Number of protein chains: 2
Amino acid sequence: MAFPEEYKDRVKKINEYLMRSLDIIENKNLKAAMAHYPAAGGKRLRPLLATIVSEAVGGKPEAAIPFGAALEIIHNFTLVHDDVMDEDDTRRGIRTVHATYGIPEAILSGDALFARAFEVALDSDADDTDLVRLVDILARSVRLLAEGQQMDIDFENAKTVTSADYMKMVELKTAVLYSAAARGGAVIGRGTDVQEEALAEYGRLIGLGFQIWDDVLDLRSDQQTFGKPVLNDIRNGKKTLIVVQALEDLHGPEREEFLSVLGKKNAKQQELERARDILENAGAIDHATKVADGLIAEAKKGLKVVKNQTHKKALSDFADYLVKRKT
Amino acid sequence: MAFPEEYKDRVKKINEYLMRSLDIIENKNLKAAMAHYPAAGGKRLRPLLATIVSEAVGGKPEAAIPFGAALEIIHNFTLVHDDVMDEDDTRRGIRTVHATYGIPEAILSGDALFARAFEVALDSDADDTDLVRLVDILARSVRLLAEGQQMDIDFENAKTVTSADYMKMVELKTAVLYSAAARGGAVIGRGTDVQEEALAEYGRLIGLGFQIWDDVLDLRSDQQTFGKPVLNDIRNGKKTLIVVQALEDLHGPEREEFLSVLGKKNAKQQELERARDILENAGAIDHATKVADGLIAEAKKGLKVVKNQTHKKALSDFADYLVKRKT
């Protein structure tokens, strides 16, 4: 059984814990808005990672479920607020929270999810010193996520965005939460300081790989496989690594043609596909897959702190999955 | 020297700590939006309360400054998000965050403030067990605040709102944070469990009194004294205790006239004043001041857990100030 099917039972437990954690909400409008994304499913990669790391350093995987659920709740809260900021009406085939319940509800339910995440993290079976560590990890992560989201907003109006800018933004906006999942798992599993640092770095690297692969899928997948509309990043003018790289390499009429479609909200399918082909021909998509593969290889090197071969393989498979997935 | 002038030095320290706590933010757009309200000043009532309670149970007042600042940051984050939800362009004479920086920035800077509040609370000089308590107090408070804000939103479309509904909403939306300030102060000052519970209840009661008095000021103050436009609650159709009470008592043409102005966004000053007079004549404003006074008296009874007479008087003065203030 390949990843992630082998974790089906664990994902089920995570989902049960996650949905149960919203039972405490009294107001039914608030609760419905809060549950909208969590109930719509998801791969639960961040909670899974926390449980796998907890196990890898000698702890119980289940011990990391509350912290993992807290990460998932935070991830969902950022999706709710990001959708309002981006004015997106759909997310992975369902109506966004604000499109369904209104902007005030979306802002408020995001805030309530965020608050709830901290309560849920405190539900972890850990001593007070470790609970303080977990809270610190979560709070710091969201602060950095906000810095990343702000960079992303700033990019929209930036004249030039370099590869380094892009990597910094993805580090903050995506990698921080994967790193937090791994670090928190190491804290809960009571790994050594060396293990914690190495696994946090592993998490950071696979988080970067995850995002770059996501940008690739937007260009190379099809809507049915990907589960969401493709070529959306071009339409939205997103400065992904692929686009940034292509803009460094492209010259003349191809560059002009690409720029004329990038960020064109009403671009026709044909224009989007032509822009995609320009990126493909410039080798920018291949380049991105190589960067992602390199990050995953680098991440796996850090796994030497995990002695048990089964657990090491689990983390290695997890890393590979992030840049092989089709969805 | 009357309250709150005697705490001038302490407020200065709170402000310094508060503003310094935002230094860590790297992105200057994000930082500017986050600092917009904290830099605009404020009475810092919640942090002050935390320091006074800490002292009253035998701790140092300064020890509660980080936790107090965390409460103030949370209070400010809710103002930023509430202003987006209410589409208000001004707050106490300054442009709101979203009016100044845009809606995405307002949502994001609110989230970042919220995250930062937890980091700041962890900066408290307390052992890990108490830090966990403080985090729990903050997280629970924001969850309940969200329930209160949702009730407030629900009220707008509700056919009838009772006094009990209103008190429940204010309890969640306002009293919870005053209660948290007092409870956190008791934890930091290492008060007994009995002191903590009694002072949390004192905080809850004065928080209710504070809000009811705020509703009174909106009707009886003038813009220059109050520091913000008056009669705004009528224009916005807010179901305050005063309005709820009046609607239970008013009949016939006065009721019709009042209802025709309540929530009328483009109401003329004369109409608003006439609506205010109807409330005044119905005795609803007097009734609210009596309820507020009763809550403050009740709160002060709970202060018997404070043995030192100076500290007891400080908390008694604090409670009185909340329903005597003109601004």
Handout entry: Qualifying positions in region A:269-327 - over 24 Å from A:Lys239 (Cβ atoms), polar (S, T, N, Q) and either in contact (Cβ under 8 Å) with a residue 12 or more places away in the chain or touching an Asp or Glu at 6+ places or on another chain (Cβ under 6 Å) (or both)
Key = A:Asn308, A:Ser316
Completion exercise
Picked from region B:1-35 (must be more than 14 Å from chain A (Cβ to nearest Cβ), open to solvent by less than 60 Å² (accessible area, probe 1.4 Å) and farther than 24 Å from B:Ser316 by Cβ), the residue farthest from the chain's Cα centre (by Cα) is B:Tyr17
Practice task
Working only within region A:41-55, note down all residues that are open to solvent by 10 Å² or more (accessible area, probe 1.4 Å) and more than 16 Å from the chain's Cα centre (by Cα).
Solution key: A:Glu55
Completion exercise
Screening B:Ala175, B:Ala200, B:Ala186, B:Ala180 for residues that are under 16 Å from B:Phe318 (Cβ atoms), touching a Gly at 6+ places or on another chain (Cβ under 6 Å) and open to solvent by less than 20 Å² (accessible area, probe 1.4 Å) leaves only B:Ala175
Completion exercise
Of B:Ala99, B:Ala117, B:Ala126, B:Ala121, the only residue that is within 18 Å of the chain's Cα centre (by Cα) and not polar (S, T, N, Q) is B:Ala117
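Considering only region A:1-80, give the helices (runs of 4 or more DSSP H) lying wholly within it that have at least 2 residues that are more than 30 Å from A:Pro104 (Cα to Cα). Quick ask: steps written out before the conclusion?
Details: elements: A:8-20, A:28-39, A:45-56.
Where helices (runs of 4 or more DSSP H) fall fully within region A:1-80 and carry at least 2 residues being more than 30 Å from A:Pro104 (Cα to Cα), they are A:8-20, A:45-56.
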Exercise for the section: Tell me which residues, restricted to region A:86-100, are assigned to a helix (DSSP H, G or I) and modelled with pLDDT under 95. Expected result: A:Asp86
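Scan region B:89-116 residue by residue and report those that are away from every other protein chain (no Cβ under 12 Å) and surrounded by fewer than 19 Cβ atoms within 10 Å (Cβ to Cβ). Before the answer, list the steps.
Within region B:89-116, the subset away from every other protein chain (no Cβ under 12 Å) is B:89-97, B:99-100.
Residues satisfying the conditions are B:Asp89, B:Thr90, B:Arg92, B:Gly93, B:Ile94, B:Arg95, B:Ala99, B:Thr100.
B:Arg255: of a type outside the set (A, V, I, L, M, F, W, C) and within 30 Å of B:Gly93 (Cα to Cα), yes or no?
No; evaluated as a whole, the condition is false for this residue.
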Practice task
Could you look through region B:117-133, keep only residues that are more than 7 Å from chain A (Cβ to nearest Cβ) and more than 16 Å from B:Pro47 (Cβ to Cβ), and pick out the one that is most open to solvent (accessible area, probe 1.4 Å)?
Solution key: B:Arg133
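I'd like to verify a number: residues in region B:134-161 that are more than 7 Å from chain A (Cβ to nearest Cβ) and modelled with pLDDT under 95, how many? Spell out how you get there, then give the answer.
Quick first cut of region B:134-161, residues more than 7 Å from chain A (Cβ to nearest Cβ) only: B:134, B:137-138, B:141, B:144-145, B:148, B:152, B:155-161.
In the following step, the residues that additionally are modelled with pLDDT under 95 were identified as B:152, B:155-161.
The qualifying residues number 8.
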Practice task
Tell me, please, whether a residue that is out of contact with any His (no Cβ under 6 Å at 6 or more places or on another chain), without any contact (Cβ under 8 Å) to a residue 24 or more places away in the chain and polar (S, T, N, Q) can be found in region B:207-220.
Solution key: no
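The values are calculated or read from the model by the stated rules, or taken from the named source; none is laboratory data. Since the structure is predicted, the reported quantities are computational estimates derived from the model, not experimental observations. We place every Cβ from the backbone using ideal geometry, glycine too, and count neighbours over all the protein chains shown. Each accessible area value is taken on the protein alone, full model and side chains, heavy atoms only, with ligands, DNA and RNA left out. Shrake-Rupley method; radii C 1.70, N 1.55, O 1.52, S 1.80 Å.
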